[in-house]
Amino acid sequence: MPIDPKSDPYLAGQLLIAMPGMRDERFAHTVIYMCAHTEEGAMGLVLNQVLDSLSFSELLSQLGIEDETPETEIPVHFGGPVEAGRGFVLHTTDFKQDATLEVDGEIALTATVDILKAMSRGYGPRRSLLALGYAGWGPGQLDQEIRANGWLQAPADSQIIFDLEIDTKWDRSIGKLGVDPRMLSDEAGHA
């Protein structure tokens with residue numbers, strides 16, 4: 001489902017942070033960068049889960065991009081459970097193609113093989129996060145989950161989005177809100 005983030009950027013460009021009591025294990029302690037959120041649905045990429053089963057070099061080989069050897073090994077993230085075989089690159093806006101979707105003035109999303117080739121050759125975006133799959137919600141679903149106390153939102157932070165300190169992204173995201181996660185209840189209406 002194509003979603004235009006410019007039509008209603010309610011949470012587009014924000015961080016979505018799983019509450020401590022998140023019951024869906026796929027999203028427990030996750031931080032998601034929201035690429036789009038409209039009345040038609042929402043789409044984002046999980047920032048703090050890396051796939052140990054697949055390297056960037058192996059991904060390039062699977063895609064038939066064998067003529068290039070990446071200068072550095074790029075982690076491949078679990079972007080979410082929807083279309084787990086589809087790749088997405090969240091990146092700085094210094095790199096743009098016709099298929100690039102600019103989420104905000106600093107962050108863009110590209111889902112083409114050409115960006116992977118550019119990254120493997122060392123002339124891709126200055127900062128990037130490669131993910132397979134995405135987190136998706138149907139119309140009103142994310143809003144309902146937020147009202148049910150499943151998620152918090154925070155302003156995006158490029159350091160949290162792009163750095164390799166995976167294990168601390170959730171704590172740092174919660175910290176941006178000035179909240180002690182031990183004081184959060186997983187039930188709506190409770191402090």
**OP:** Identify all residues within the range 68-100 that are out of contact with any helix residue (DSSP H, G or I) (no Cβ under 9 Å at 6 or more places or on another chain) and either modelled with pLDDT of 95 or more or among the charged types (D, E, K, R) (or both); write none if there are none.
**Re:** 79, 82, 83, 86, 88, 93, 94, 96, 98
Original post:
In this structure, is residue 181 at pLDDT below 90 and surrounded by 15 or more Cβ atoms within 10 Å (Cβ to Cβ)?
Top reply: yes
Original post:
Is at least one residue of the range 73-83 within 18 Å of residue 158 (Cβ to Cβ) and of a type in the set (Gly, Ala, Ser)?
Top reply: yes
Original post:
Does the range 117-130 contain any residue that is within 20 Å of residue 34 (Cβ to Cβ), of a type in the set (A, V, I, L, M, F, W, C), buried (at least 16 other Cβ atoms within 10 Å of the Cβ) and at pLDDT 95 or above?
Top reply: yes
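The values are calculated or read from the model by the stated rules, or taken from the named source; none is laboratory data. None of the values given here were measured: they were computed from a predicted structure. All Cβ positions, even for glycine, are placed from backbone atoms using ideal geometry, and neighbour counts span all protein chains on display.
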